[in-house]
Amino acid sequence: MVRDPVPSLEAPLLPSSATAMRPLRVGMIGIGTVGAGTFRVLARNQALIAGRAGRGIKLVVVCARSLARAMSVVGKDVALTNDPMQVATHPDVDVLVEAAGGTGPAREWVMAAIRAGKHVVTANKALLAVHGNEIFAAARQHGVAVAYEGAVAVSIPIVKALREGLTANRVEWVAGVINGTTNFILSKMRDEGVGFAEALAQAQALGYAEADPTFDIEGIDAAHKISLLAANAFGMPVRFADAQVEGITALQGLDVACAEQLGFRIKLLGVAKRRKDGDAEGNVEGVELRVQPALVPATHLLAHVNGSMNAVMVKGDASGVTMYYGAGAGSEPTASAVIADLVDVARLDGTHAGQRVPHLGFHPHAVDEQLAVLPRAAVHTRHYLRVAVHSAQQIEAVGAWLAAQHVPVLQVALAHDKALPPGTGPQVLVLTDAVAQSTVDLAVFALAAHPGVAGPVVALRVEMLEG
């Protein structure tokens, strides 16, 4: 007996009119590192990208300060202008790629594009951290998408992971090494024993740090990124203004060496952690949203993210801990994320706005406007303290002094002589159990005034990031 053929599980072929769908037309503002990389990758992989998007993606107009330089990148087939608004409102543009950066003029261009009914793709984390809530609200009103995978840890699809891959999970925390410049500096300080200033100079010489590295080394760039991740993880508005931000400019090589002695490495971490627990004063509910240099166990995966690389870990109640690793900067790594967003936009054709993946992973009615960022005093972690003392014999006394301040001490040790710069007196190293930041702050203040203490007390957080 001849069996009937099994019906194909493949989607039916689209009508010829649909297969001939015109390309997604892109207007770009800025043709620097990100813009040029995006053009190169689009040109190099255009057939592959079209196969995935279901249609071509074509750059039709670019705004640049130097039209001659822009033409040298994109050639003569792309229209050029000096006027960003001309691109943002161009009738032949379906989607605006904002690749110029900044938060002032960029906001105006993006809002103009949204009002003109155009989708927006950007890798501008500062823009979205500062103005994201307004931009996303406008995009919902006008039925367009704002895509920004390249804004956080560029080559790592972490936004998509949170919004789609982990959508079944109640996310407990997100943490990561999300600034390549500071990670390069900290890697140099640890591996070569150089100070912060020398490591920064190396980063600038190699192009990892800008001439003005303030946003990176003061933790602001990482705070932009962790604010966006927290919004996607917890269903809250973008709360960048409430984030607690501490950079690495005050970090000493001595503490990098002492952390190694204790079995830890120092990383600049972005951390977003949802808390719902009780303490002596009642229930504490909210989100810890912070950037700080912190000790991570040397055996932890994040401790082995070196150089300019990035990594993000997410703890979900169903998934457990997952980790995402890759390049956090660079022309083509950023282009990879920008074009992935363009492909998503290309696939939107004919879909109702309510059926799309929401901008922050949660539909507007489900965003918790009341979910607040906890104050610094309420942050609850383990801590590392370095206490300069007049005599090594005072090591036992340090533990007693801290116990008197209600600090739960786990370990007390003397810094090894090889870790100490010449002329440095004895240093007592302390690791605490988890304790509120307010308790540690009071203890540091009290210790600094103690006659047995020979200098400023250094306090850093310890992040165990356990599953």
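Things to note:
- Looking only at the stretch 301-350, residues that are farther than 21 Å from A50 by Cα, open to solvent by 30 Å² or more (accessible area, probe 1.4 Å) and free of Cβ contacts under 8 Å to residues at least 60 places away in the same chain come to 3 in all.
- Candidates in the stretch 161-191 are the residues that are out of contact with any helix residue (DSSP H, G or I) (no Cβ under 8 Å at 6 or more places or on another chain) and assigned to a helix (DSSP H, G or I); of these, the one that is most open to solvent (accessible area, probe 1.4 Å) is D191.
- Annotation: V87 fulfils all but one of (1) within 22 Å of E332 (Cα to Cα); (2) out of contact with any Ser or Thr (no Cβ under 6 Å at 6 or more places or on another chain); (3) open to solvent by less than 40 Å² (accessible area, probe 1.4 Å); (4) not in a loop (DSSP other than H, G, I, E, B); the unmet one is (1).
- Restricted to the stretch 386-426, and to residues there that are touching a helix residue (DSSP H, G or I) at 6+ places or on another chain (Cβ under 7 Å) and under 27 Å from Q244 (Cβ atoms), the residue that is surrounded by the fewest Cβ atoms within 10 Å (Cβ to Cβ) is H406.
- When the stretch 192-240 is filtered for residues that are aliphatic (A, V, I, L, M) and part of a loop (DSSP other than H, G, I, E, B), the ones remaining, listed by number, are V194, L206, A209, A211, M236, V238.
- Taking residues in the stretch 391-416 that are under 11 Å from L447 (Cβ atoms), and partners anywhere that are in a strand (DSSP E or B) and open to solvent by 40 Å² or more (accessible area, probe 1.4 Å), the pairs with Cβ atoms closer than 6 Å and at least 6 places apart or on different chains are L402/V409.
- Qualifying residue in the stretch 204-212 (condition: within 18 Å of the chain's Cα centre (by Cα), over 27 Å from L360 (Cα atoms), modelled with pLDDT under 95 and surrounded by 17 or more Cβ atoms within 10 Å (Cβ to Cβ)): yes
- Residue list for the stretch 351-370, restricted to those being under 20 Å from the mean Cα position of the chain (by Cα) and open to solvent by less than 50 Å² (accessible area, probe 1.4 Å): P358, H359, L360, G361
- Single condition I114 does not satisfy, out of (1) in contact with a strand residue (DSSP E or B) (Cβ under 8 Å, 6 or more places away or on another chain); (2) buried (at least 18 other Cβ atoms within 10 Å of the Cβ); (3) outside any helix (DSSP H, G or I): (3)
- Test: residue in the stretch 181-189 that is among the aromatic types (F, W, Y) and more than 25 Å from P333 (Cβ to Cβ): no
- Test for V144: is it farther than 21 Å from G32 by Cα and either of a type outside the set (K, R) or open to solvent by 10 Å² or more (accessible area, probe 1.4 Å) (or both): yes
- Residue in the stretch 379-402 that is basic (K, R) and under 30 Å from G176 (Cα atoms) present: yes
- A137 being outside any helix (DSSP H, G or I), at pLDDT 95 or above and open to solvent by 10 Å² or more (accessible area, probe 1.4 Å): no
- Residue match in the stretch 294-302 (condition: small (G, A, S) and part of a strand (DSSP E or B)): yes
The values are calculated or read from the model by the stated rules, or taken from the named source; none is laboratory data. Remember, predicted model here, so these are calculated numbers, not experimental data. Here the Cβ is made from the backbone with ideal geometry for all residues, glycine too, and neighbour counts use every protein chain on show. SASA here: full protein model, heavy atoms, side chains in, ligands and nucleic acids out. Shrake-Rupley method; radii C 1.70, N 1.55, O 1.52, S 1.80 Å.
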